[in-house]
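The values are calculated or read from the model by the stated rules, or taken from the named source; none is laboratory data. From a predicted model like this one, the values you see are computed outputs, not experimental measurements. So basically every Cβ, Gly included, is an ideal-geometry build from the backbone, and we count neighbours across all protein chains shown. These accessible areas exclude ligands, DNA and RNA; they are computed on the full protein's heavy atoms, side chains included. Shrake-Rupley method; radii C 1.70, N 1.55, O 1.52, S 1.80 Å.
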Amino acid sequence: SWDRLAPHLLTDSFERASDNLRSQALLEPSSGTGDSDLSSLGDLESIRGFTDTIHYVLPKLLLVASALDEGLGGEPGSDSDAPEDAVSPGAAEGTSVLPMVSPDEAGGEVKAIFGEIKELHGHPNVASY
């Protein structure tokens with residue numbers, strides 16, 4: 001269950017496992033992209049902040065989903081104190097705090113993008129990030 005798994009998410013071990021996944025996600029630049037004018041994409045600092053934050057969070061979500069899928073949340077009734085290598089919760093230093101948009105409250109272009117994501121992936125819901 002979440003209550004049994006949660007203390008283990010605030011450990012150095014969990015951070016190292018997340019860092020390992022992050023390091024595997026780094027790609028070498030593809031040829032021909034060095035001359036691209038990225039300024040047409042919009043506010044590059046906001047885009048960079050979003051990308052950095054998602055790069056930080058998504059490996060953790062993958063590990064949590066995997067642990068829950070494997071039933072690693074602990075056996076009901078087992079006693080477990082907080083791990084000794086506990087870390088403080090919260091956003092990592094240097095990442096941005098991003099307001100999430102509820103798909104039900106999205107309007108305009110965001111609502112259209114959410115609709116396109118649902119259609120392309122054949123899924124009735126869309127994650128707000």
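Some observations on this one:
- Residues in segment 48-85 that are surrounded by 15 or more Cβ atoms within 10 Å (Cβ to Cβ), modelled with pLDDT of 65 or more and more than 20 Å from LEU21 (Cβ to Cβ): GLY49 only.
- Failed item in (1) open to solvent by less than 60 Å² (accessible area, probe 1.4 Å); (2) at pLDDT below 85, with LEU27 passing the rest: (1)
- Matching residues in segment 86-103 - criterion: being among the hydrophobic types (A, V, I, L, M, F, W, C) and either modelled with pLDDT under 75 or more than 27 Å from SER23 (Cβ to Cβ) (or both): ALA86, VAL87, ALA91, ALA92, VAL97, LEU98, VAL101
- Applying the set (1) among the hydrophobic types (A, V, I, L, M, F, W, C); (2) under 18 Å from the mean Cα position of the chain (by Cα); (3) modelled with pLDDT under 80; (4) open to solvent by less than 70 Å² (accessible area, probe 1.4 Å) to LEU21 leaves exactly one unmet item: (3).
- Scope segment 91-129; condition within 13 Å of the chain's Cα centre (by Cα) and open to solvent by less than 100 Å² (accessible area, probe 1.4 Å); matching residues: ALA91, ALA92, THR95, SER96, LEU98, ALA127, SER128
- Residues located in segment 103-129, provided they are in contact with a Ser or Thr (Cβ under 7 Å, 6 or more places away or on another chain) and farther than 17 Å from ILE54 by Cα: PRO103
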